[in-house]
Amino acid sequence: MLKQVVFSCTLFFTVLLGPLVQAEPLIDDPLIGDAGKLRQQRELFVKAEYAASRGRLPEYELLLQELGDYPLVPYLELKRLQQVGYLANEDRVLRFLETYKHTPMDWQLRQVWLTYLARNDEKARFVRDFQPPGSTANQCLNYRYQLDLELTPADAIYRAVDHLWQTGDSLPKACDPLLARWTKAGNRTDELIWARLKLAAEGGNHTLIPYLGRLLPESMGYLADRYHQVRRDPANVRHMHYFTGVYPKHEAEIVTYGLSRLIWRDPDRAIGLLTNLPTTLKLNAEQLNFLYQRFGVALSVKDHPAADEWLAKLAPAEHTDQSLQWQLASWVRNGNWQALIELVPRLPVVTQQYSVWQYWLARAYGETGRPELAQPIYRKLAGERHYYGFLAAARIGQPHSLAREAINYQPADLAALRERDDIRRAYEFLRLGRYLSARREWNQLLPKLDGQQQQLAAVLAHQWGWYDQAIFTLARLGEYDAVRVRFPEAYQSDHENYAERAGIDPNWAFAISRRESSFRFDAHSPAGAHGLMQIMPRTAEYLERKPLSNQQIQHVPTNIRMGTSYLAELRGRLGHNWVLATAAYNAGIYRVFEWLPDEPMAVDRWIETIPYQETRDYVKNVLAYQQIYRDLREQETSVFAELVPMAISKAAAGR
C-alpha cells in the first residue's frame, strides 16, 4: 500500500480552534512559494484586514506594501471598495470588476455597487453594470430601468417578466413597479395568475393563495379557497360537493393534488375518494397515471394490502423510477420471480440495462431453476465496480473488478496549475481556515478549466488533504475510475485506531465517513449532524454523557471515536450484524427493528425492500465502499462473500 503524504484538513481547523485540534504537522507546498515568506504574509494579511475594517488607513497602507504579491491582496481592495465604492471611485470599481470578472470577488462587489446605484437612481449605470442572472430584485430593477431608458422593446421585457412571475414565492418589493407596468400593459392573464396560484399551493408560499385568488375573476374565487383548504389539510378534498364542474380543468388539478397528499395520511379514505369520484369531476389520463404512481408508492411504503393492486395499474413505461423500485421490492419480498422475469423485457431498453434489473433478473432465473440463464448475466455484472457487480461476483465465486485507473499527468502541468491566481487564492484561504471562501474560489475556477486541468485540480486537492473537493471535482467530470483519489485513506490513523478500539472493521469506518461527508470534517447537515461521520448532537451527548459543542463534535479524532463507538454499539444491539447496523446508522435503530422480517430473508432481498430510498441506497453504497477500501488496502477478504449466505430476521437480530 502506497503511503500518502498529505497535510490534513484538520490543520486548517487548528487556525480557528487552537489547541482543541491535534493533527499531523502542516506541510507547506514547496511548489507554491517560499514557506516562511507565505507564513509571514498570512499574518500580515489578517492584520491588514483588521486595520482596514477599523479605518486605520496609514497602518493599512503600510501593511499593504509589505504584503507585496500575496495572493489574497485583491480581497483587501475588495473590502476597501465595499466601504468607499461611491461615484468618486467609479473607475476604481469598474477596473476591479473587470479584472476579477467570474471570481467570487465580482459578485461580492457588484451587489454592493448595484445597491448604491439603485439607491441613487443611477439607471444607466445600473443597466451597464448589471450581470445576469443576479438577484430577483436586481433583475426587476434592470428590466424596469431598461423600460425607462427605452433600451429594449417593451414586449421583450414583458416576456421576461412572464417568467419572473412564475414562482410560488413572494417577489421582492423592488419588483412591484415593474409588475404594475406589466399588468397595465395587459400581460397579467387569468392563466398566468392560476399558474402562479398552483405553484404557491403545491409547495410554495401558501399565504400567497388568497392574494392571487383576488386577482382572478369573481367566478373563479371558490377555486382559490378550495386550493387553500386542501393545502392546509388534504383531507378537505373530501368535500366533493364544492366541485361543481364550472371549471372542470381547474377542479381536477385541485383534486389530483389533494389526493396525492391524502394517500400518505389516510390511505383508505384516499382510495375511496378516487374510486368514487362524482360525475362532475373528470381526471385526464396524465392525472390518473400520476395518482396511480403516488398511490402505488405510498401504499408500498406503508405496507398496505392494496399496494400491488395500484402498482399493477401502471404499464411498464408508465412507472416512475420510484414506483418501479417498489414493484421490484414487492416481487422480491414475496418471491414472485416469474412476474419479474416477464416484466424486464417489457421495460424501456435503457431501463432494462440498469444493473439493478440485470441483477434481479439473474436472481429470478436462479430461483426458478434456470442457472444457465443467470450465469452470463452475473459474469457480465461481475466486471463492474458497484454494489450489484460485487454481489454478482460473489454469487458465482468470481473475482470482482475494481476497474481503476490512475490519473496520468506531467509534473510540469501540475506545477503550472498551482501557479494560477485563483488556485493560489483557494489554497491560502484553506491555510487561513476560511473554508467557505476557499470553496467559493474553487467552484468559480473549475468551469474555467478543461477536462484534463480539472483532473489535475482534483489531484491537487487530494494532495492538500482537501478530500471532499477532490471527490466532488472528479464526480463532476464523471471520472469514476480514479479510485485512489475518490477513496482516500483520509485521517488514516484515527480511523484505524478507533475502529480497532471499537472492535469493528476499519474499512467499514472509512466507508461510513466516505458516504456521510466525503471526508469533509466541517460538514453539517440540515438535520443538524456534524463532522466526518455526521454525528447528531443528541447522539454525541448520549455517547459522551455530556453535551458537546458543534466545534467539539467536528473535531476529527473525537468525531471518529464517537462514530466508530456508535457503529459498534448498533451492531451489538442488532445481533452483531453490521449490515443492519449500517441501516440503523442512517435511519435509526427503531426503524430497523420495524423493518425486520419474521421469517429469514436473504440479505440482498431485505436490502432491496428497505422502505426508505435514502437508507436503501445508503446501505448499498457503504457495502460497496467497504469492499473498495478492502481492495485498496490490499486485504483479500470479500465483503460480499460474507453477504451471500446471510439471512435477516427478527430472531437473528435478537428481537
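The values are calculated or read from the model by the stated rules, or taken from the named source; none is laboratory data. Only a predicted model underlies this, so the values are computations on that prediction, with no experimental measurement involved. Note that each Cβ is placed from the backbone with ideal geometry, even for glycine, and that neighbours are counted across all protein chains shown.
A few comments on the model shown:
- Residue selected from the stretch 466-480 under the condition in contact (Cβ under 8 Å) with a residue 24 or more places away in the chain and more than 17 Å from ARG515 (Cα to Cα), by the criterion farthest from the chain's Cα centre (by Cα): GLU479
- Scanning the stretch 369-415 for residues being among the hydroxyl-bearing types (Ser, Thr, Tyr) and either more than 25 Å from VAL622 (Cβ to Cβ) or not in a helix (DSSP H, G or I) (or both) gives a total of 2.
- Identification of helices (runs of 4 or more DSSP H) wholly contained in the stretch 286-358 with 2 or more residues that are out of contact with any Cys (no Cβ under 7 Å at 6 or more places or on another chain) and touching a residue at least 40 places away in the same chain (Cβ under 8 Å) yields 321-334.
- Of LEU164, LEU171, LEU178, all but one fail to be of a type in the set (A, V, I, L, M, F, W, C), over 18 Å from ILE254 (Cα atoms) and not in a helix (DSSP H, G or I); the exception is LEU171.
- Any hit, the stretch 132-144, residues being farther than 20 Å from LEU164 by Cβ and assigned to a loop (DSSP other than H, G, I, E, B): no
- Against the test of being over 35 Å from the mean Cα position of the chain (by Cα) and under 30 Å from PRO104 (Cα atoms), the options ARG144, ARG188, ARG238 yield a single qualifying residue, ARG144.
- Filtered by the rule that a residue be farther than 21 Å from THR582 by Cα and surrounded by 18 or more Cβ atoms within 10 Å (Cβ to Cβ), the stretch 534-551 gives a lone residue, LEU548.
- GLY204 meets each of the listed conditions (1) in contact with a Gly (Cβ under 6 Å, 6 or more places away or on another chain); (2) in a helix (DSSP H, G or I) apart from (2).
- Residues of the stretch 602-643 that turn out to be in a loop (DSSP other than H, G, I, E, B) and under 28 Å from LYS302 (Cα atoms), as a count: 4
- Where GLU405 falls short, out of the listed (1) under 26 Å from the mean Cα position of the chain (by Cα); (2) in contact (Cβ under 8 Å) with a residue 60 or more places away in the chain: (1)
- TRP357 meets the conditions (1) at pLDDT 95 or above; (2) over 22 Å from TYR612 (Cβ atoms) in every case but one. The failed one is (2).
- Residue list for the stretch 63-86, restricted to those being surrounded by 12 or more Cβ atoms within 10 Å (Cβ to Cβ) and more than 17 Å from GLN40 (Cβ to Cβ): PRO74, TYR75, GLU77, LEU78, LYS79, ARG80, LEU81, GLN82, GLN83, GLY85, TYR86
- Here ALA426 fulfils each of the conditions (1) touching a residue at least 24 places away in the same chain (Cβ under 8 Å); (2) of a type in the set (A, V, I, L, M, F, W, C); (3) in contact with an Asp or Glu (Cβ under 9 Å, 6 or more places away or on another chain) apart from (1).
- Looking across the stretch 238-272, the residues that are under 20 Å from VAL301 (Cβ atoms), among the aliphatic types (A, V, I, L, M) and surrounded by 21 or more Cβ atoms within 10 Å (Cβ to Cβ) come down to LEU259, LEU262, ILE263, ALA270.
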